[in-house]
Amino acid sequence: MDPFDPLDAQQIVIDYARLLERDITENRHPARIDSLPFTVSTIKTAIRTSVAQLVRTGQLTNDMRDYFETAYISLADYLDPELVTLMSEFRQSAEHLETTPGAPPEQRIKDAAWRTLAESSALAAEIARAAADECDKLRSEFRTFLQESQP
């Protein structure tokens, strides 16, 4: 599929949107980058092509613009499998500790969930920070190419 061709780009965006909606519904974020139906660059190009086509034809509504922007920015939530595994284990450990009845501190620190949190918190924070930075970068990219697409 050619992401520069408006018809192919539309199909690429549809395939990505289906995956994105499923991942959001099933609370799978961050998600594995290898689960994407196409490469990130192909999806970005397809979104740009689709938005430009809609601008040219006067069909881009505010709701559609917001939808495309969200889809574009959401690419930041697709990470290498190892990072997704680490973030999932971190989240599961935190949820485990939240739902476990209060135990004396000396028992809690022996819990595997506690150790996982303690050992991976700095790395999880760095991953989250990097994802947030990527979101900002993608938002800026989207708004720049949207502005450049305007007549």
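The values are calculated or read from the model by the stated rules, or taken from the named source; none is laboratory data. What you see is a predicted model, and the numbers here were worked out from it, not measured in a lab. All Cβ positions, glycine included, derive from the backbone under ideal geometry; neighbour counts span all protein chains shown.
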If we ask which residues in the stretch 23-38 are over 18 Å from ALA131 (Cβ atoms) and at pLDDT 95 or above, their number turns out to be 2
Residue check, ARG91 within 19 Å of the chain's Cα centre (by Cα), at pLDDT below 90 and surrounded by fewer than 17 Cβ atoms within 10 Å (Cβ to Cβ): yes
Give the stretch 125-151 a look and list any residue that's among the basic types (Lys, Arg) and either under 14 Å from PHE68 (Cα atoms) or under 12 Å from the mean Cα position of the chain (by Cα) (or both), or say none. ARG139, ARG143
